[in-house]
Amino acid sequence: MLNKHLFINSDAKANENNVILYKDYRITLLFDRLIRIEKNTFLDKPTCAILFRNFDDVNYKSELLENGIKIDVKGLSYFIFDNFIESYVLINDEKILLDNKENLLSTFEGLDGCDGNVNDHYANPPKPLVLEKGVCSKNGVAVIDDNSSIIDEDGIIKKIKDRFDKYVFAYGHEYQDAVKAFYAISGNVPLIPRYALGNWWSRYHRYHSDEYLALMDKFIEKDIPLTVATIDMDWH
């Protein structure tokens, strides 16, 4: 078990007033335009991707359909069917399937050795970059799957069996709002401390400790200000 001061801050159990149980689904309204859909197995623990699910009450109405459930919130409706691939969001009177066909995708973990959309550094032979799904879409509805590892009660990150755990972002073309909603559930990116905003030194080199200390003395000798010195390029 981790020491308590090392625990990741989280509030992962959702507000029960925002939870709808329908057959083998659990649907959680996080905000008007962001819902979580689970099927078969339900998870209240934080994951490496999602730390927060406990938010204020969402004003909604639900209606059972012949083969699904309709959930109305301000400005749009969610239609979740027994056969999930038929599910859609009705936004601005337009029916948008939850198929991510117009997803604008996300970022890539590193561009070392990349040439355009081809990774020719770590891949042999070179292969195209593959971007994960993001929270913005040209058609206004994006879906991300959370199959990341959980953070258990002891603070340890643990891998569990893949699960049906989807987050539906129905923000239309309000892309900044979609990103803000993602930060709300994932947690804000920590800001770099003020003392680290000066010059950084980084070199991909196998230093010996004496050699590295001598290098720091050299910076002092040359009167070059330095706030952060990293051991190698993999500091990030």
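The values are calculated or read from the model by the stated rules, or taken from the named source; none is laboratory data. Fair warning: this is a prediction, and the values are worked out from it, not measured in the lab. Here Cβ is always computed from backbone atoms with ideal geometry, including for glycine, and neighbour counts include all displayed protein chains. Areas reflect the complete protein model, heavy atoms only, side chains present, ligands, DNA and RNA absent. Shrake-Rupley method; radii C 1.70, N 1.55, O 1.52, S 1.80 Å.
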* Nearest-20 debye value, segment 108-236 charge dipole, Cβ charges on Lys, Arg, Asp, Glu -> 340
* Structure fact -> Expressed per residue, the solvent accessible area of the chain in Å² (1.4 Å probe) is about 65
* Of the GluC sites (Glu not before Pro) in segment 1-81, which ones lie in a loop per DSSP and count no more than 11 other C-beta atoms within 10 Å? -> 66
* Principal axes of segment 16-162: Cα extent on each, largest first, Å -> 53, 44, 27
* Can you give the charge dipole size of segment 9-125 about its Cα centre, rounded to the nearest 20 debye, using +1 on the beta carbon of Lys and Arg and -1 on the beta carbon of Asp and Glu? -> 400
* To do: Report, in deg cm²/dmol and to the nearest 500, the calculated mean residue ellipticity at 222 nm for the chain, where each DSSP H run with n ≥ 4 adds -39500 (n - 2.57) and the sum is divided by the residue count.
  => -3500 deg cm²/dmol
* Asked: If one takes the longest principal axis of the Cα atoms in the chain, at what angle in degrees, from 0 to 90 and to the nearest 10, does the Cα axis of helix 209-221 lie?
  -> 80
* Structure fact -> Here the gain from full extension of residue 106 to residue 199, 0.36 nm per residue of separation minus their alpha-carbon distance, amounts to 30.5 nm
* Asked: For the residue pair residue 59 and residue 6, what label-to-label distance in nm results when each label sits 7 Å from Cα along the Cα-to-beta-carbon direction?
  -> 4.7
* To do: Please give the direction-averaged projected area of the C-alpha convex hull for segment 1-88, in square nanometres with one decimal.
  => 6.9
* Asked: Any idea how far the Cα center of segment 119-150 sits from the one of segment 52-73, in Å?
  -> 29
* What nm value, rounded to one decimal, do you get for the distance between residue 133 and residue 95 when each label is placed 7 Å out toward the C-beta? -> 2.0
* To do: Express in Å², to the nearest 10, the accessible area of residue 208 obtained by rolling a 1.4 Å probe over the protein heavy atoms while all chains stay in place.
  => 130
* Structure fact -> Straight-line reach check, residue 61, cutoff 16 Å on alpha carbons, 8 or more apart in-chain or any other chain, hits among aspartates and glutamates -> 16, 32, 72
* For residue 161, list the lysines whose Cα falls under 17 Å from its own Cα; do not include residues on the same chain fewer than 8 positions away. => 39, 45
* Asked: Where the accessible area of the chain is counted over protein heavy atoms with a 1.4 Å probe, how much of it, in %, is carbon and sulfur?
  -> 52
* With a point put 7 Å past each Cα toward its Cβ, work out how far residue 211 is from residue 72 in nm, to one decimal. => 7.1
* To do: Grab the other residues whose beta carbon is less than 12 angstrom from that of residue 149, score K and R as +1, D and E as -1, and report the net.
  => +2
* When the solvent-accessible surface of protein heavy atoms is calculated with a 1.4 angstrom probe, in what order do 32, 57 fall, highest first? -> 57, 32
* Work out the length of the dipole vector of the chain about its Cα centre, built from +1 on the beta-carbon of each Lys and Arg and -1 on the beta-carbon of each Asp and Glu, and round it to the nearest 20 debye. => 200
* Asked: Between 7, 19, 192, whose Cα lies farthest towards the positive end of the dipole of the chain when Lys and Arg beta carbons carry +1 and Asp and Glu beta carbons carry -1, centred on the Cα centre?
  -> 19
